[in-house]
Amino acid sequence: QVQLVESGGRLVQAGGSLRLSCAASGRAFSSYAMGWFRQAPGKEREFVAGISSSGAITYYADSVKGRFTISRDNAKGTVHLQMNSLKPEDTAVYFCAASPRTTGWARDYDYWGQGTQVTVSS
């Protein structure tokens, strides 16, 4: 069992930056791939970024590639999402999630946090 708690979401102006954090508790955090997803009002949840269990592999949605960076610290049990050059279309609730596989498919993630709101004003 892995418990996940996100933080760092807030209101920011377009062009600004935010760093989201996800704190994990429970056993075997370092054995899970981690991902960030987001869901905007009226839209389906979408993949944003993922990182393998060791941190050696990272992958991104095309919409955030070059602007967002995912990282993890297995010793501290944390995952971060650095978001730069934010756009109004990045507005959403952001979720972190844990999966036994390195994947961008939401259905493959077994554990989810409660989400943190990111709002980007124009």
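Summary of values
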quantity: Qualifying positions in the range 17-36 - surrounded by fewer than 14 Cβ atoms within 10 Å (Cβ to Cβ) and within 20 Å of F68 (Cβ to Cβ); calculated: S17, R19
quantity: Which numbered condition S54 misses (of (1) touching a helix residue (DSSP H, G or I) at 6+ places or on another chain (Cβ under 9 Å); (2) open to solvent by less than 50 Å² (accessible area, probe 1.4 Å); (3) closer than 20 Å to A23 by Cα); calculated: (2)
quantity: Test: residue in the range 85-96 that is in a strand (DSSP E or B), open to solvent by 60 Å² or more (accessible area, probe 1.4 Å) and not hydrophobic (A, V, I, L, M, F, W, C); calculated: no
quantity: Residue in the range 56-68 that is hydroxyl-bearing (S, T, Y) and either within 23 Å of Q1 (Cβ to Cβ) or touching a residue at least 60 places away in the same chain (Cβ under 8 Å) (or both) present; calculated: no
quantity: Among the candidates W112, W105, residue that is among the aromatic types (F, W, Y) and in contact with a Phe, Trp or Tyr (Cβ under 7 Å, 6 or more places away or on another chain); calculated: W112
quantity: Pairs where the first residue, in the range 104-122, is in a loop (DSSP other than H, G, I, E, B) and the second is among the hydroxyl-bearing types (S, T, Y), C-beta under 7 Å, 6+ apart; calculated: G104/Y59; Y109/S99; D110/S99; G115/Y94
quantity: Residues of the range 29-78 classified as farther than 16 Å from Q114 by Cα, of a type in the set (G, A, S) and assigned to a loop (DSSP other than H, G, I, E, B), total; calculated: 11
quantity: Condition broken by Q39, with the remaining ones in (1) at pLDDT 95 or above; (2) open to solvent by less than 50 Å² (accessible area, probe 1.4 Å) satisfied; calculated: (2)
quantity: Residue match in the range 4-14 (condition: surrounded by 15 or more Cβ atoms within 10 Å (Cβ to Cβ), among the small types (G, A, S) and not in a strand (DSSP E or B)); calculated: yes
quantity: Any hit, the range 21-31, residues being in contact (Cβ under 8 Å) with a residue 60 or more places away in the chain and aliphatic (A, V, I, L, M); calculated: yes
quantity: Selected residue (criterion: farthest from the chain's Cα centre (by Cα)) from residues of the range 60-70 that are open to solvent by less than 50 Å² (accessible area, probe 1.4 Å) and under 18 Å from R101 (Cα atoms); calculated: A61
quantity: Condition broken by V79, with the remaining ones in (1) open to solvent by less than 70 Å² (accessible area, probe 1.4 Å); (2) at pLDDT 95 or above; (3) out of contact with any Cys (no Cβ under 6 Å at 6 or more places or on another chain) satisfied; calculated: (3)
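The values are calculated or read from the model by the stated rules, or taken from the named source; none is laboratory data. Note that the structure is a prediction, hence the values are computed from the model and not measured. Glycine gets a Cβ as well: all are built from the backbone with ideal geometry, and neighbour counts include every protein chain shown. All accessible areas refer to the heavy atoms of the entire protein, side chains included, with ligands and DNA or RNA removed. Shrake-Rupley method; radii C 1.70, N 1.55, O 1.52, S 1.80 Å.
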